[in-house]
Number of protein chains: 2
Amino acid sequence: MKVTIDLIAQKVGVSKALVSLVINGKAKKYGISQLTCDRVMAVVRELNYKPNQMARSLRTGVSNTIGLIVSDISNGFYASMARQLEDLAANSGYNVVIGSTDENINKELRLINILRNRQVDGIILSSSQENSEELENMFKAGFPLVLIDRYFPNAGIPAVVAENSQGGATLAQHLFNQGFRNPLVLNITPSYISSVGERTSGFQKVFTDNSIVPEVVQIPFSDIYNVVYEIFSKKVKEKNLPDCVFAVNNNLATAFLSVLSKFNLAVPDDVALVCFDDLPYFSIIKPSITVVTQPLDVLCSRTFSLLMEQISNQEKVEEHETIFEPVTLITRESSIKIK
Amino acid sequence: MKVTIDLIAQKVGVSKALVSLVINGKAKKYGISQLTCDRVMAVVRELNYKPNQMARSLRTGVSNTIGLIVSDISNGFYASMARQLEDLAANSGYNVVIGSTDENINKELRLINILRNRQVDGIILSSSQENSEELENMFKAGFPLVLIDRYFPNAGIPAVVAENSQGGATLAQHLFNQGFRNPLVLNITPSYISSVGERTSGFQKVFTDNSIVPEVVQIPFSDIYNVVYEIFSKKVKEKNLPDCVFAVNNNLATAFLSVLSKFNLAVPDDVALVCFDDLPYFSIIKPSITVVTQPLDVLCSRTFSLLMEQISNQEKVEEHETIFEPVTLITRESSIKIK
DNA sequence: AAAAATAACTAAATCGATTTAGAATACTGT
DNA sequence: ACAGTATTCTAAATCGATTTAGTTATTTTT
């Protein structure tokens, strides 16, 4: 037997309107007597009544649910992001529905649609779109949306990202200072994704400013290990190894390390390594891995605030600047030149 | 301007009942003419109408959403689990709402409540409860529930778990065969959690059968690194090191490796290591780490099927046996005795 | 040609809440 | 004693779908 607001109202002998008002803390506002409040709450507790969220959402148009869409929730970076956002959301009475896109543009669009039909109050999105048209329309139409990790320059959609370009440059400068002169960039395809694109271009600029043009290879998202293996297989055969490698994310770094060990090559003696985003094991292994890290907690809390702002102030849908959060270089053994 | 079923009905010039029937594929059943169907669908497409899920759920009592509750979604194991379940769910038209409990019994109960108020159609749970009373009641009351990774013996709640005991035994036997005689078990608190409990007891049995009683230390979930550090700090001081360590999960193994390197101790020369659940880096590092792995894909698909069964057959709420999936030993360098 | 059967559709109830205008009662001041 | 004001509460509309009993028009049967 279901416990609905009608049941409560019956038991107490009042209207369900009253019960609703009491439950939603509007008793004072509507001059409901303390006695009545207490009687209602007593029954509510006795029967452990919890309002049906579907009914509530239908009426109010608010679901207290937000959507989080990322390329792959099993990826450690996004998993941590999900966790932090989950906690922030929970503190504000929100739940999180999660979707993974596999970097697939259509899957992303489909997911957005599904979540909107499910009346999520807003979406936090790490987009794999190539252009931002659809997202702009959505945002301009007043749907609460915040981009995280990846943004679209000049699209006017609120976004919170790391200073990826700066991060790439920092790593490049570090390698250059160490005396490395023959860098290879392992970049992820699709390369139009802002984060990896900017990491690469920031990296490139430092070297080209020093008259060195880094080689950049594109690795498809879906088949990292094998492609990295092929690349190094060829380079080993041609005795054409770089003296250092920049992996634009930690999956690439892991694949790279795995491939190197297959070829019995050592870091940093044979090839140095730097990468984006720390992993627990990077500081444990020998050699430990030099990285640039993003302040994930800051990214998440900024993002969540921006979303909440939009959700509460339905009117103002201003253009938003992208927020760039600074990154941190952690120098470890993998990038120290052996003399 | 919202696109509702009323709008569609108006535009086409039919009742909204008809629109609903057409949309839900019941046109034939209700003898609606092909012409009318086509006219409805044309408008539906033109206005890109998608039914409001809240309204639909309110009416039907079905939300096409399932809940996933784990201790921590940022943990790689659960993140992968989430991803696999998300994909399975998506294929069946379901969304996944995620919650993390931090191994906190009350948080878990609260989350279950919240998800149920949100009318999730069922819950997949990796429980941190000490006893299963509440969960049993829920299940017996007909709420679709499947336990994953952790179960309650004789509770009658459907569960899909790895052969943890067997896994612990396998690792123990491997270590014993390698000649290790002084094992230390790093166990997670709370230890009533079936998975880690059984890993430990399975491990212990093999050694006690060989007249060796392994030392077991309890590490609180929330502060792994520091506690492991303290333990080894003491052991190093007392020159009382074990010759091998069994970490009941990969977080413990990572912390252990980190601590060991702090003390300049080497694996496996000073202390060997085996652990439960593989990580990408375990096969890359020197030495690579011996592990027992769970067939996560099988666990997930079995779990999801069991949940779907319950969701579709509302009547039969039978007692269920726990399903145990076999685990696999991957022998690597960290457990090979140096002569 | 009246009765029965079929085809194609619709009205209205329903799910479980929220919200607002206004009803009922008691209390003031003159 | 009565209009005016508080106080406390309720009726009914509403959100956007689904579902079922029933209506209307058409065709078939006898």
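The values are calculated or read from the model by the stated rules, or taken from the named source; none is laboratory data. Since this is a predicted model, take the numbers as computed values, not measurements. So basically every Cβ, Gly included, is an ideal-geometry build from the backbone, and we count neighbours across all protein chains shown. Accessible surface areas use protein heavy atoms only, side chains included; no ligands, DNA or RNA. Shrake-Rupley method; radii C 1.70, N 1.55, O 1.52, S 1.80 Å.
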Inset, instruction - Determine the pairs where a residue that is under 17 Å from residue A:31 (Cβ atoms), located within the range A:1-20, has a partner that is within 7 Å of DNA strand C (Cβ to nearest atom) with Cβ atoms under 6 Å apart, the partner being 6 or more residues away or on another chain. - result: A:19/A:5
Legend entry - Scope the range B:259-274; condition without any contact (Cβ under 8 Å) to a residue 60 or more places away in the chain and open to solvent by 20 Å² or more (accessible area, probe 1.4 Å); matching residues: B:261, B:262, B:263, B:264, B:265, B:266, B:270
Inset, instruction - Please determine, by comparing only the residues of the range A:66-103 that are in contact (Cβ under 8 Å) with a residue 60 or more places away in the chain and on the phi > 0 side of the Ramachandran plot, which one is nearest to the other protein chains (Cβ to nearest Cβ). - result: A:102
Inset, instruction - State all residues of the range B:279-314 that are modelled with pLDDT under 95, charged (D, E, K, R) and closer than 25 Å to residue B:246 by Cα; if no residue qualifies, say none. - result: B:286
Inset, instruction - Inspect all residues belonging to the range A:27-46 and state whether any of them is closer than 30 Å to residue B:52 by Cα, of a type outside the set (Val, Ile, Thr) and away from DNA strand D (no atom under 11 Å from the Cβ). - result: no
Legend entry - the range A:104-152, residues that are within 14 Å of chain B (Cβ to nearest Cβ), open to solvent by 20 Å² or more (accessible area, probe 1.4 Å) and in contact with a Pro (Cβ under 8 Å, 6 or more places away or on another chain): A:117
Inset, instruction - Please state which one of B:90, B:82 is more than 16 Å from DNA strand C (Cβ to nearest atom), surrounded by 13 or more Cβ atoms within 10 Å (Cβ to Cβ) and within 29 Å of residue A:142 (Cβ to Cβ). - result: B:90
Legend entry - Any hit, the range A:290-307, residues being within 14 Å of chain B (Cβ to nearest Cβ) and open to solvent by 10 Å² or more (accessible area, probe 1.4 Å): yes
Inset, instruction - Please indicate, with yes or no, whether at least one residue in the range B:94-114 is among the hydroxyl-bearing types (Ser, Thr, Tyr), in the same structural domain as residue B:312 (by TED's automatic domain parsing) and farther than 21 Å from residue A:81 by Cα. - result: yes
Legend entry - Residues located in the range A:1-59, provided they are open to solvent by 70 Å² or more (accessible area, probe 1.4 Å), among the hydrophobic types (A, V, I, L, M, F, W, C) and away from DNA strand C (no atom under 11 Å from the Cβ): A:35
Legend entry - Residue check, residue B:26 under 39 Å from the mean Cα position of the chain (by Cα) and without any contact (Cβ under 8 Å) to a residue 40 or more places away in the chain: yes
Inset, instruction - Out of B:277, B:243, report the one residue that is of a type outside the set (Phe, Trp, Tyr), open to solvent by 20 Å² or more (accessible area, probe 1.4 Å) and closer than 22 Å to residue B:201 by Cβ. - result: B:243
